[in-house]
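Questions regarding the structure given below will be posed in turn.
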Amino acid sequence: MSASQIQFADRISALPPYLFAELDKLRDAKRAEGVDVISLGIGDPDLPTPSPIVAELERAVRDPANHRYPEYYGLDELRAAIADWYARRFDVSLDPATEVVPLIGSKEGIAHLPLALINPGDTVLMTDPGYPVYAIGTMLAGGRSHMVPLTAENGWLPDLEAIPSDALEAAQLMWLCYPSNPTAAIAPFEFFEEAVAFARRHGLVLAQDAAYSEVTYDGTRCRSILEVPGASDVAVEFHSLSKTYNMTGWRIGWMVGNAEVVEALGRVKTNVDSGIFQAVQLAGIAALDVSQRWIDSRNAHLQRRRDLVLDALRASGLQPETPKASLYLWSPVPEGMTSVDFAHQLIESAGVIVTPGVGFGAGGEGYFRISLTTPDDRLQEALDRIAALSF
Ligand SMILES: *Cc1c(COP(=O)(O)O)cnc(C)c1O
């Protein structure tokens, strides 16, 4: 059978084209010309996972008991360790048996949650700009995405009262992501209170993606949406070891909160996957024991990078916002340029790759994102080149 005879599902053709394909092509062309291209595009920590976590994996991987199918709902010990972490970190009390579901990375659960909540044609509310997986999971479940615009003037927080009532009536689920990828904005606790009340009033499940809650600067401490009294009636929160402990490759995260939603996502998952490799679960338990001191010193390292990036961008005439959290800087492009124009120009003139804001939705137009996950020497080299430009 030739490829042309294969009939693909509509949902595959509806998947967004790989937005960065064109930039990748430009990068490859530059490399072929001999240009030393440096990417500041990808949000994937370059720093290593703490050694006690690696040591626990080494130990656990040698134990044949861990070579078999894991427990579907995660080891009791892992769910207990996650609940303990929530109690210590946020003073939020969770029942490990019913309010915690471990995930094979939080992206997996984010993509699967709509399968548990959405019927074809139902609406999911999410922000523009935003992390693309909220819309993709919605689309794979046959739902419709309603984009709620974010603006710098609103501190990159959605104006909930401005959501049109027809979208609201059709909606089952609303996504939030604070600290935000890509804008790096933090939600004040009052916004979480407002969002929980709003979800309650409109019969929505509220899903807050807290992937970056532990990657913070200038002494910032993020709060959990589950700290809002009664939040578990309507809310769930996603977290992941990926950004917290430099563990993106390990694939371990979780969703916590509303027990019915936890049960429903768990039911989808038991039918499509068989859980996290048990040795990784045991390493995850070790991760949740890593000291706050380690996190503070990792954050101090990233903060030094943040400050170098701010200085270089400002030296070139750009006006970046100062992030208090996340792995990203989010900056307006120069007047009169699109975000893709700017990204192209930076590759052409400096051999540096940044992410055009429009890659996170139309609302990201006019901005670009720089990731703080490039090794110090390469970052410095990229910044020297940027600082020599003038916008
Ligand atoms: C990185 C990221 C995640 C997912 O991380 P996992 O590695 O799948 O746990 C989730 N949400 C946002 C916004 C992210 O940037």
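The values are calculated or read from the model by the stated rules, or taken from the named source; none is laboratory data. Nothing here was measured: the structure is a model prediction, and the numbers come from that model. Ideal geometry is used to build each Cβ from the backbone, glycine not excepted, and the neighbour counts take in all protein chains shown.
In region 71-102, how many are more than 11 Å from ILE285 (Cβ to Cβ) and touching a helix residue (DSSP H, G or I) at 6+ places or on another chain (Cβ under 8 Å)?
Quick first cut of region 71-102, residues more than 11 Å from ILE285 (Cβ to Cβ) only: 71-73, 83, 86-101.
With touching a helix residue (DSSP H, G or I) at 6+ places or on another chain (Cβ under 8 Å) added as a condition, the list becomes 71-73, 86, 90-101.
Qualifying residue count, region 71-102: 16.
Now for a different question. Which residues, counting only those in region 165-195, are part of a helix (DSSP H, G or I), exposed (fewer than 15 other Cβ atoms within 10 Å of the Cβ) and either of a type in the set (A, V, I, L, M) or under 21 Å from the mean Cα position of the chain (by Cα) (or both)?
Within region 165-195, PHE189 is the sole residue that qualifies.
Is it the case, given these coordinates, that ASP76 is of a type in the set (D, E, K, R) and either surrounded by 13 or more Cβ atoms within 10 Å (Cβ to Cβ) or in contact (Cβ under 8 Å) with a residue 60 or more places away in the chain (or both)?
No; evaluated as a whole, the condition is false for this residue.
Let me ask you something else. Could you grab me the full set of residues in region 202-231 that are over 12 Å from PRO179 (Cα atoms) and free of Cβ contacts under 8 Å to residues at least 40 places away in the same chain?
HIS202, GLY203, LEU206, GLY219, VAL228, PRO229, GLY230, ALA231
Considering only residues that are of a type in the set (Gly, Ala, Ser) and surrounded by 14 or more Cβ atoms within 10 Å (Cβ to Cβ), look in region 275-291 and name the one that is modelled with the lowest pLDDT.
Ranking the qualifying residues of region 275-291, first place goes to GLY275.
Another question, then. Can you confirm whether SER213 is within 15 Å of the ligand (Cβ to nearest atom), of a type in the set (S, T, N, Q), closer than 18 Å to SER232 by Cβ and part of a loop (DSSP other than H, G, I, E, B)? Quick ask: steps written out before the conclusion?
On the way: within 15 Å of the ligand (Cβ to nearest atom): yes; of a type in the set (S, T, N, Q): yes; closer than 18 Å to SER232 by Cβ: yes; part of a loop (DSSP other than H, G, I, E, B): yes.
In short, yes.
Search region 323-343 for residues that are over 21 Å from LEU302 (Cα atoms) and pair each with any residue that is assigned to a helix (DSSP H, G or I) when their beta-carbon atoms are under 7 Å apart and the residues are at least 6 apart or on different chains.
Matching pairs, first to second residue: VAL333/SER339; VAL333/PHE342; PRO334/PHE342; SER339/GLY357; SER339/VAL358; SER339/GLY364; VAL340/VAL358; ALA343/LEU23.
Now a separate question. With respect to the numbered conditions (1) touching a residue at least 40 places away in the same chain (Cβ under 8 Å); (2) more than 30 Å from ARG378 (Cα to Cα); (3) within 21 Å of the chain's Cα centre (by Cα), which one is the sole condition not fulfilled by PRO70?
(3)
Is it the case, given these coordinates, that ALA184 is closer than 25 Å to SER145 by Cα, free of Cβ contacts under 8 Å to residues at least 40 places away in the same chain and either touching a Lys or Arg at 6+ places or on another chain (Cβ under 7 Å) or among the small types (Gly, Ala, Ser) (or both)?
Spelling it out, it is not the case that ALA184 is closer than 25 Å to SER145 by Cα, free of Cβ contacts under 8 Å to residues at least 40 places away in the same chain and either touching a Lys or Arg at 6+ places or on another chain (Cβ under 7 Å) or among the small types (Gly, Ala, Ser) (or both).
For region 151-159, indicate whether the set of residues that are out of contact with any Asp or Glu (no Cβ under 9 Å at 6 or more places or on another chain), over 24 Å from GLU190 (Cα atoms), of a type outside the set (A, V, I, L, M, F, W, C) and surrounded by fewer than 18 Cβ atoms within 10 Å (Cβ to Cβ) is non-empty.
No - not one qualifying residue is present in region 151-159.
Confirm whether ASN246 is within 16 Å of the ligand (Cβ to nearest atom) and under 25 Å from PRO375 (Cβ atoms).
yes
Is it the case that PHE198 is closer than 28 Å to PRO320 by Cα, among the aromatic types (Phe, Trp, Tyr) and not in a loop (DSSP other than H, G, I, E, B)?
The answer is no for PHE198.
Only residues that are touching a residue at least 60 places away in the same chain (Cβ under 8 Å), surrounded by fewer than 20 Cβ atoms within 10 Å (Cβ to Cβ) and in a helix (DSSP H, G or I): list them for region 239-264, please.
ALA259, GLU263, ALA264
Have a look at ARG369, ARG385 and point out the one that is of a type in the set (Lys, Arg) and under 20 Å from PRO132 (Cα atoms).
Only one candidate passes the filter, namely ARG369.
Still on this structure, please answer the following. Among the candidates ALA207, ALA231, ALA287, which residue alone is within 26 Å of GLU190 (Cβ to Cβ) and in contact with a Phe, Trp or Tyr (Cβ under 6 Å, 6 or more places away or on another chain)? Explain how you work it out, then say what you get.
Numbers: ALA231 fails: in contact with a Phe, Trp or Tyr (Cβ under 6 Å, 6 or more places away or on another chain); ALA287 fails: within 26 Å of GLU190 (Cβ to Cβ).
Result: ALA207 is the single residue among ALA207, ALA231, ALA287 that is within 26 Å of GLU190 (Cβ to Cβ) and in contact with a Phe, Trp or Tyr (Cβ under 6 Å, 6 or more places away or on another chain).
Considering every residue within region 289-297, establish whether at least one is free of Cβ contacts under 8 Å to residues at least 40 places away in the same chain, more than 16 Å from the ligand (Cβ to nearest atom), assigned to a loop (DSSP other than H, G, I, E, B) and touching a helix residue (DSSP H, G or I) at 6+ places or on another chain (Cβ under 6 Å).
No, region 289-297 has no match at all.
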